[in-house]
Amino acid sequence: MKKWMIAVGLLTASVLSAASTAYEELDWLELMPKEEVEALMDAQRQPMDHLTMGEQQGSFKTVLGMDGRRVKMAGYIVPIEQNDAGLVTEFFLVPYFGACLHMPPPPPNNIIFVKLSKPGPEVDMFNAYWIEGTLKVARFDNDVASTAYTMSADSVKLYE
């Protein structure tokens, strides 16, 4: 085999390997089918009663093709599980500050349940973070909220 063919083969393998480890940056509304986005926009035009706790609205409808994608998402962390050292092991990633703390939480298809492979850094709920990992279409239910997506996170970084 000629040297240039080997070089091209190695270069192609290198490019494919780098592409397979890359994360696709997603926007929150990309997680929702078009009709769900329209319903969310209509709901936001309705008056809000902050004196009563409302139930989570929206659906578990997801976008075809999201399952198994390696993604990078920006959002806020709402811890739901910590280890004995106080490091976060599971959390909700939400699109805006205060989601899940003020009722009702965002729709299930606009919250992601995230599980870390190893306990994460100390997080500040007032800061936004970049989360990189593999997105799954999978329901998760908790006393605080339910989700239509889960993620196995590879990294958690402060949004800068």
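Restricting attention to region 68-88, report how many residues are over 25 Å from E24 (Cβ atoms) and without any contact (Cβ under 8 Å) to a residue 60 or more places away in the chain.
First, the residues of region 68-88 that are over 25 Å from E24 (Cβ atoms): 79-87.
Cutting the leftovers down to without any contact (Cβ under 8 Å) to a residue 60 or more places away in the chain gives us 79, 81-87.
Looking only at that region, the number is 8.
Being among the aromatic types (F, W, Y) and over 15 Å from the mean Cα position of the chain (by Cα) is the filter here; which residues of region 109-128 pass it? Steps first, please.
So the first thing to find is which residues in region 109-128 are among the aromatic types (F, W, Y), and the list is 113, 126.
Result: F126, single match.
Go through (1) within 26 Å of A99 (Cβ to Cβ); (2) of a type in the set (G, A, S); (3) surrounded by fewer than 10 Cβ atoms within 10 Å (Cβ to Cβ); (4) modelled with pLDDT under 90 one by one and return the number of the condition S20 breaks.
Every listed condition holds for S20 apart from (1).
The values are calculated or read from the model by the stated rules, or taken from the named source; none is laboratory data. Since the model is a prediction, treat every value here as computed from it, not as a measurement. For neighbour counting, all protein chains shown are included, and Cβ atoms are generated from backbone atoms with ideal geometry for every residue, glycine included.
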